[in-house]
Amino acid sequence: DEINSLASQVAALNNRISSSNGADVESLRDQRGVLLTRLSQLAGVTVTERVDGPADVSIGQGLALVVGKDAFHVDVTTSLPSGMAAISIGGTDITSELTQGQVGGLLQVRDTVLPGYATRLDQMAYDLATRVNVLHTAGVDANGNPGGNFFVPPTGVAGAAAAFAVAPAVAADSRLVAGSSTTSAGDNQTARAIAGLRDARVMSGGT
């Protein structure tokens, strides 16, 4: 909305500059300069000033936002099936072209930074669940039986954080926790080995 408002104001000032016959041109240019600076802060636009006074503004990879006294409307629509907002002008999607300014920064966070965090969180959940399960299944539970999986085994890295959960059988019966490495009373070697993972190189392939 702010980009559209600024573009319309720039177009109106272009029109006034063209028809001013020299009166107050510098004042009008100054006003336009303030608007253009704000546009650049928002979306990193490119400005080309004509010899006869008007300033043309392009956005993204050269699509016209302002040409003389005419301003073109930037639209936001919902992309399916992702539900993400897409930015377009004249029916052309320019979302991936907006890499500068505040809008570019927000898109960078949405499309690169946050998915990167989500991927790392998935990797952490996968590594932790997998490594704990390896140690737990090698142990002995309170019934004297071999331990099962402590966590629900992840099917893969993608989605591992969302699926991270204690195995239902263990959650329902604490005697299935395999804290021992033998059937000897007082043996807590498996529990100690699992606790030791906090200081072990488990994540990202043991690095």
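The values are calculated or read from the model by the stated rules, or taken from the named source; none is laboratory data. Here the structure is a predicted model, which means the values were calculated and not measured. Here the Cβ is made from the backbone with ideal geometry for all residues, glycine too, and neighbour counts use every protein chain on show. Areas reflect the complete protein model, heavy atoms only, side chains present, ligands, DNA and RNA absent. Shrake-Rupley method; radii C 1.70, N 1.55, O 1.52, S 1.80 Å.
For the reader, a short list of remarks on this structure follows.
- Number of residues in the range 189-207 that are surrounded by 12 or more Cβ atoms within 10 Å (Cβ to Cβ), polar (S, T, N, Q) and in contact with a helix residue (DSSP H, G or I) (Cβ under 9 Å, 6 or more places away or on another chain) equals 1.
- Those residues of the range 38-90 which are acidic (D, E) and under 15 Å from N4 (Cβ atoms), in sequence order: D70, D75
- Between D141, D122, the distinction of being among the charged types (D, E, K, R) and in contact with a Lys or Arg (Cβ under 8 Å, 6 or more places away or on another chain) belongs to D141 only.
- Once the range 1-58 is narrowed to residues that are without any contact (Cβ under 8 Å) to a residue 12 or more places away in the chain and among the aliphatic types (A, V, I, L, M), the residue that is surrounded by the most Cβ atoms within 10 Å (Cβ to Cβ) is V47.
- L39 meets the conditions (1) in a helix (DSSP H, G or I); (2) over 30 Å from Q108 (Cα atoms) in every case but one. The failed one is (2).
- Residues being open to solvent by 40 Å² or more (accessible area, probe 1.4 Å) and of a type outside the set (S, T, Y) - total across the range 65-77: 8
- Among the candidates A178, A193, residue that is modelled with pLDDT of 95 or more and part of a helix (DSSP H, G or I): A193
- Scope the range 78-97; condition within 12 Å of R110 (Cα to Cα) and surrounded by 16 or more Cβ atoms within 10 Å (Cβ to Cβ); matching residues: T95
- The range 143-172 residues that are over 24 Å from G116 (Cα atoms), paired with ones that are among the polar types (S, T, N, Q) and modelled with pLDDT under 95 (beta carbon under 8 Å, 6 or more apart): G144/T183
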